[in-house]
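Written out below as structure tokens is the structure these notes cover.
The values are calculated or read from the model by the stated rules, or taken from the named source; none is laboratory data. The structure displayed is predicted, hence computed values, not measured ones. A quick note on method: Cβ atoms are made from the backbone with ideal geometry, for glycine too, and the neighbour counts reach across all protein chains shown.
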Amino acid sequence: ATPTAIMVGTGLGAQRGVLFKNATALETSARIDTVVMDKTGTLTKGAPEVTDVIASGLPEEEMLALAAAIERESEHPLARAIADLATTRGLPELSASDFRNVPGQGAVAQVTGRRVLVGNRRLMTAESVDLGDMAGRRDELAAAGRTAVLVAVDGKAIGVIALADAVRDTAAAAVAALHESGIEVVMLTGDNAATARRIADQLGIDAVIPEVLPGDKAAKVAELQAAGKRVAMVGDGVNDAPALATADLGIAIGAGTDVAIETADVVLMRSDPLDVPVALRIGKGTRRKMR
Ligand code: ADP
Ligand code: MG
């Protein structure tokens, strides 16, 4: 592109808070045919709230207090929501020791002399937890689009905590605008398949790649590239940085983490999913002007 076309494109973007880091970013934007979107914090607001609490074999408050003891030690948004609920309900703060975070799965600790786990089915399977009737309850909540987290004590599931993270107001419009430009939209998430599928359907998203461990997001982007796709990855988290770097175009949500913002080629200052199609259209406009 000519220097003038690049200046115009960069300036148009800046007016909307769409920051292209360099000329290459602007030029690459014109050639994208697949947009991969992280779910949590990108398509959704990233502020989950607890919607359902189910306990099995002990009082609900006791189950929640055990879960919260672990989640107070974790930085994860799901953990924060669970810890906050326990505080709001005025539950006793039990102390946790030997805390261990398991990325993309959950967390483990000793609480009041018992080994407590909070996390997804993958974590429970790895730890040989007996799910009992909590498996079915988890599945029902996941089918409803909730993120359902299991709680286990000494090898047995004692509860399910379901959380919902509201989708961003313009997420569906952003997907529709990308489709109008002939671009395929894929959701990439660590969340389980049923939850991800339900939210993707709400938003009109074509394909879902669920249950991806944080360290595997970049490999999923590379697989799409190996299949001939020219991929833009949109994300907000520390976990998303390698995938942003691998993609042909990395787009960071402005409200995201510093690592994501540093790694990206484009930063959306307004954290609005609608600015994804805007960025790609500015790229196309810039290319047209140089011909
Ligand atoms: P995302 O890709 O949506 O940001 P993560 O990779 O961080 O998700 O986590 C994937 C899944 O692992 C979550 O949906 C949840 O089931 C489980 N998980 C991770 N951390 C925690 C935690 N601290 N407490 C409970 N569940 C967790
Ligand atoms: Mg995220």
Residue check, Leu163 surrounded by fewer than 23 Cβ atoms within 10 Å (Cβ to Cβ), closer than 28 Å to Ala96 by Cα and in contact with a Ser or Thr (Cβ under 7 Å, 6 or more places away or on another chain): yes
Unique residue being within 16 Å of ligand 2 (Cβ to nearest atom) and touching a helix residue (DSSP H, G or I) at 6+ places or on another chain (Cβ under 7 Å) when the list is Val231, Val221, Val175: Val221
Residue identified as within 16 Å of ligand 2 (Cβ to nearest atom), in contact with a helix residue (DSSP H, G or I) (Cβ under 8 Å, 6 or more places away or on another chain) and under 25 Å from Ala176 (Cα atoms) among Ala264, Ala279: Ala264
When you scan region 185-198, do you find a residue that is within 16 Å of ligand 2 (Cβ to nearest atom), over 22 Å from Val267 (Cα atoms), in contact with a Ser or Thr (Cβ under 7 Å, 6 or more places away or on another chain) and part of a helix (DSSP H, G or I), even just one? yes
Between Val259, Val221, which is in a helix (DSSP H, G or I), modelled with pLDDT of 95 or more and out of contact with any Phe, Trp or Tyr (no Cβ under 8 Å at 6 or more places or on another chain)? Val221
Filter region 247-262 down to residues that are among the β-branched types (Val, Ile, Thr) and surrounded by fewer than 19 Cβ atoms within 10 Å (Cβ to Cβ) and give me whichever is farthest from Gln225 (Cα to Cα). Thr257
On the given criteria, is Thr189 without any contact (Cβ under 8 Å) to a residue 60 or more places away in the chain and crowded, with 17+ Cβ neighbours inside 10 Å? no
Could you list all residues from region 32-91 that are acidic (Asp, Glu), within 16 Å of ligand 2 (Cβ to nearest atom) and in the same structural domain as Ala232 (by TED's automatic domain parsing)? Asp38
Please list, ordered by residue number, the strands (runs of 3 or more DSSP E) wholly in region 1-116 having 3 or more residues that are surrounded by fewer than 22 Cβ atoms within 10 Å (Cβ to Cβ) and not aliphatic (A, V, I, L, M). 49-55, 96-102
Exactly one of (1) of a type in the set (S, T, N, Q); (2) within 9 Å of ligand 1 (Cβ to nearest atom); (3) not assigned by TED's automatic domain parsing to the domain that holds Val221 is unmet by Thr112. Its number? (2)
Residues of region 198-217 being over 19 Å from Ala164 (Cβ atoms), aliphatic (A, V, I, L, M) and in contact with a Gly (Cβ under 9 Å, 6 or more places away or on another chain), in sequence order, are Val212, Leu213
List the residue pairs whose Cβ atoms are under 8 Å apart, where the first residue sits in region 32-53 and is on the phi > 0 side of the Ramachandran plot, the second is more than 10 Å from ligand 1 (Cβ to nearest atom) and of a type in the set (Val, Ile, Thr), and the two are 6 or more positions apart or on different chains. Gly41/Ile253
Taking Gly254, is it assigned by TED's automatic domain parsing to the domain that holds Leu188, more than 11 Å from ligand 2 (Cβ to nearest atom) and closer than 21 Å to Gly13 by Cα? yes
